[in-house]
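Enquirer: Would you mind keeping the following structure in view while I ask a few things?
The values are calculated or read from the model by the stated rules, or taken from the named source; none is laboratory data. Owing to the predicted nature of the structure, the values given are computational and were not obtained by experimental measurement. Heads up, the Cβs are rebuilt from the backbone with ideal geometry, glycines too, and the neighbour counts pull from every protein chain shown.
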Amino acid sequence: MRNTRPVLATSLLLSTTGCGVYALPAGATTQAQVLRQDWIVFTLAGLFVAVVVFGLILFPLFAWRRRSNDYPVQFSRNTKLELIYTIIPLLMVIALFAVTYRDEIIVEHLGAHPANTVDVLAFQWSWRFHYVGTAINIEGTPNAPPQLILPVDETTRINLTSSDVNHEFWVPAFLFKRDAIAGVKNSFDLRPIHIGVYLGRCAEFCGFDHALMTFTVRVVSQTDYVRWLRAGGSSIVPSAEGSTL
Ligand SMILES: [Cu+2]
């Protein structure tokens, strides 16, 4: 009994710290804000189901525990009850599907005129960012990860592909992942809403140095972004406020 206390304390600590941080990220793009709402809806739905299920398990244990040799009336079917526990979960699944469908359309939407376009190439084991319409190419190595510069409150189109095996573009703060596949162009829009620096990584095991296949996204003001573009991507961008790695 004495040994269970550290385990319980650790679980409590993890649930109030680690999960507190990773369970509900703020969401640093407009697309992420939509996904964050989904996260809340799904979590509440899961909590509701958990409360009902655990309640139905625990309540009979205490309410109808055996007090004497008298058994309550036994029955083997209850049509009304069976209908209820079939229809309610079915309605929940339909509602969650509808919410997901609606929000995926918003997140996947490609604007007609994105302010900027960046071709992102994933390769073993780093990334190359080419700013379309400019000569700017930022290429990283496993030991010197590249940085993707994006303007705040503007839409940037990302055209993602790979030159070898499958990789995956993932920025946890954007609540977004997308596969990078050779011969396939996967396009998506990002509209960052907070200035800061965010960690990105490859989320698909792609070989020996997969773990080193990281990058950072630096979201800067539109003025800094234009200045940086005009300088051919070589000017020093002022350090971002509120860095969130
Ligand atoms: Cu990779």
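Enquirer: Name the residue, out of G196, G183, G200, that is in the same structural domain as H130 (by TED's automatic domain parsing) and at pLDDT below 95.
Expert: Answer to the selection: G196.
Enquirer: State whether the residues of the stretch 58-78 include one that is at pLDDT 90 or above, more than 16 Å from the ligand (Cβ to nearest atom) and among the aliphatic types (A, V, I, L, M).
Expert: yes
Enquirer: Additional query: Within the stretch 176-215, which residues are within 16 Å of the ligand (Cβ to nearest atom) and more than 22 Å from E108 (Cα to Cα)?
Expert: F205, C206, G207, F208, D209, H210, A211, L212, M213, T214, F215
Enquirer: Now, a different point. Could you check the stretch 153-195 and list, in sequence order, the residues that are surrounded by fewer than 18 Cβ atoms within 10 Å (Cβ to Cβ) and of a type in the set (V, I, T)?
Expert: The answer is V165, I181, V184, I193.
Enquirer: Every residue in the stretch 120-159 that is assigned to a strand (DSSP E or B) and among the acidic types (D, E), please.
Expert: E139
Enquirer: Can you find even one residue in the stretch 75-82 that is aliphatic (A, V, I, L, M), outside any loop (DSSP other than H, G, I, E, B) and more than 30 Å from L24 (Cα to Cα)?
Expert: yes
Enquirer: Could you tell me whether E139 is within 16 Å of the ligand (Cβ to nearest atom), surrounded by 14 or more Cβ atoms within 10 Å (Cβ to Cβ), farther than 15 Å from R218 by Cβ and of a type in the set (D, E)?
Expert: Spelling it out, it is not the case that E139 is within 16 Å of the ligand (Cβ to nearest atom), surrounded by 14 or more Cβ atoms within 10 Å (Cβ to Cβ), farther than 15 Å from R218 by Cβ and of a type in the set (D, E).
Enquirer: Could you say whether any residue in the stretch 141-159 is among the small types (G, A, S), in contact with a His (Cβ under 8 Å, 6 or more places away or on another chain) and closer than 22 Å to R201 by Cβ?
Expert: no
Enquirer: Could I ask something else about it? Just checking, which of L58, L121, L96 is assigned by TED's automatic domain parsing to the domain that holds H210 and free of Cβ contacts under 8 Å to residues at least 60 places away in the same chain?
Expert: L121
Enquirer: Another question, then. For the stretch 23-72, how many residues meet the condition of being aromatic (F, W, Y), farther than 30 Å from V197 by Cβ and not in a loop (DSSP other than H, G, I, E, B)?
Expert: 4
Enquirer: Starting from the stretch 141-164, keep only residues that are more than 21 Å from A182 (Cα to Cα), then list their pairs with residues that are of a type in the set (D, E) and modelled with pLDDT of 95 or more whose Cβ atoms are within a distance under 9 Å, requiring at least 6 positions of separation or different chains.
Expert: Cβ pairs passing all conditions: T155/D189; T156/D189.
Enquirer: Checking S163 against (1) within 16 Å of the ligand (Cβ to nearest atom); (2) closer than 21 Å to V197 by Cβ, which single condition isn't satisfied?
Expert: Just one mismatch for S163, condition (2).
Enquirer: Now a separate question. Of all residues in the stretch 60-79 being within 48 Å of the chain's Cα centre (by Cα) and among the polar types (S, T, N, Q), which is surrounded by the most Cβ atoms within 10 Å (Cβ to Cβ)?
Expert: Filtering first and then ranking leaves N78.
Enquirer: Of all residues in the stretch 208-239 being exposed (fewer than 13 other Cβ atoms within 10 Å of the Cβ) and in a loop (DSSP other than H, G, I, E, B), which is modelled with the lowest pLDDT?
Expert: This residue is S239.
Enquirer: Is it fair to say I149 is modelled with pLDDT of 95 or more and within 16 Å of the ligand (Cβ to nearest atom)?
Expert: no
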